[in-house]
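J.: Just dropping this structure here.
The values are calculated or read from the model by the stated rules, or taken from the named source; none is laboratory data. On a predicted model such as this, the values are computed, not experimentally measured, just so you know. Using ideal geometry, Cβ is built from the backbone for each residue, glycine included, and neighbour counts are taken over all protein chains shown.
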Amino acid sequence: MNTLHDVTTFLRAPRRQAGTALVMSLVILMILTIIGIAAMNTSSFEEKMASNVQEGASAFEAAESGLNRSMNLTGTLVLTSTTNNQYTFGTATVTRATVITSPAGTSPPKRGSGYSSTSFDAANFDQQSTGSVGTVAAPGTATSVINRGIAQIVPK
């Protein structure tokens, strides 16, 4: 019963386990590196998605602004032909809107509009506005299309 000999034998590591801690730490380091790379790829992808959403919203706003600007322009609502107006907005990016206004015939004014159907007609128009946003190097990276119908009261 030599307890001192038993303790020293127990504390001494066998030869076959030498370097196990190094291998385990390298495996754990590799796993952490893979997790870090995956996190970087995910954040890069989310940044691209946020940029696309922002460009899409800007294209929609450009299309709306084109519709509003065309309504304020004399000569947009022509009963005999289609008009095509192009607008450019901003300076930092290439933001454009193309508005096509085409006549869609006449109809009686809507009830409750205050206009008599014997004296007035409603001239109907279809408008399509295409807004696009991009850079000088890559124009039109995001587009948005808005369609609407409008009516203008005209005398018979």
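J.: Mind checking which residues of segment 83-124 are small (Gly, Ala, Ser) and without any contact (Cβ under 8 Å) to a residue 40 or more places away in the chain?
T.: Once the filter is applied, which keeps residues that are small (Gly, Ala, Ser) and without any contact (Cβ under 8 Å) to a residue 40 or more places away in the chain, segment 83-124 yields Gly90, Ala92, Ala97, Ser102, Gly105, Gly112, Gly114, Ser116, Ser117, Ser119, Ala122.
J.: Determine, yes or no, whether Gln127 is closer than 16 Å to Ile150 by Cα and either outside any strand (DSSP E or B) or touching a strand residue (DSSP E or B) at 6+ places or on another chain (Cβ under 8 Å) (or both).
T.: yes
J.: Give the number of residues within segment 125-135 that are free of Cβ contacts under 8 Å to residues at least 40 places away in the same chain and of a type in the set (A, V, I, L, M).
T.: 0
J.: Still on this model: Here are Ser102, Ser58, Ser113, Ser81: which of them is in a helix (DSSP H, G or I) and at pLDDT 85 or above?
T.: Answer to the selection: Ser58.
J.: Which of the following residues is under 12 Å from Ser129 (Cα atoms), of a type outside the set (A, V, I, L, M) and surrounded by 17 or more Cβ atoms within 10 Å (Cβ to Cβ): Thr95, Thr101?
T.: Thr101
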